[in-house]
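In what follows, a structure is listed as structure tokens, so that the remarks can point back to it.
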Amino acid sequence: MPSISWNAHAPSVAQDHIGTYLLEFFNCPSTLGEAITRMKHNLYYYRISYSMITLFILLISVLWHPLSIVIFAIFFFGMLIGHCCNQDLIELLKGFLTVLWVVTPFALLSTGFWLNVLVSISIGCVVVGTHAVFRSTDDQYVELLP
């Protein structure tokens, strides 16, 4: 009888359980009202993750344009500092981050690569919107929605 290790089939079992665990949080909303509620809740709950995903997609789109990279790096560094600051400064920085979110696309649009910027922002909105609608909110803890 061959000797079988106690964890020989553990990776396959673990991968099956991880995939099942992750997929149980995604399902179709039953009504339009539920979809809108999920979107509002998830946009608030994952706001920092969603902004980083959108910025990453924007970065990928301007990778081959040096001037856009410089402008993007300046604004991205400002946003990263704003997201990583102390909790006491969050109220003060909300206005700063809002201004950066509005100014960054316009600064990138002024470099002449407006189509790349618009397409990447559109792709980011589709990715974020899709996740926000299909991600269930049963396991999320939020004190108060804005």
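The values are calculated or read from the model by the stated rules, or taken from the named source; none is laboratory data. Predicted, not measured: the structure shown is a model, and the values here were computed from it. Counting neighbours? That spans all protein chains shown, and the Cβs are built from the backbone with ideal geometry, glycine included. To get the accessible areas, we keep the full protein, side chains included, count just its heavy atoms, and leave off ligands, DNA and RNA. Shrake-Rupley method; radii C 1.70, N 1.55, O 1.52, S 1.80 Å.
Of note:
- For the range 20-30, the count of residues that are more than 18 Å from the chain's Cα centre (by Cα), of a type in the set (S, T, N, Q) and modelled with pLDDT of 80 or more is nonzero.
- Residue check for LEU58: modelled with pLDDT under 80 and either closer than 18 Å to SER110 by Cβ or crowded, with 16+ Cβ neighbours inside 10 Å (or both): no
- Residue pairs whose Cβ atoms lie under 6 Å apart, separated by 6 or more positions or on different chains, with the first residue in the range 120-132 and open to solvent by 60 Å² or more (accessible area, probe 1.4 Å) and the second not hydroxyl-bearing (Ser, Thr, Tyr), are ILE123/ILE57.
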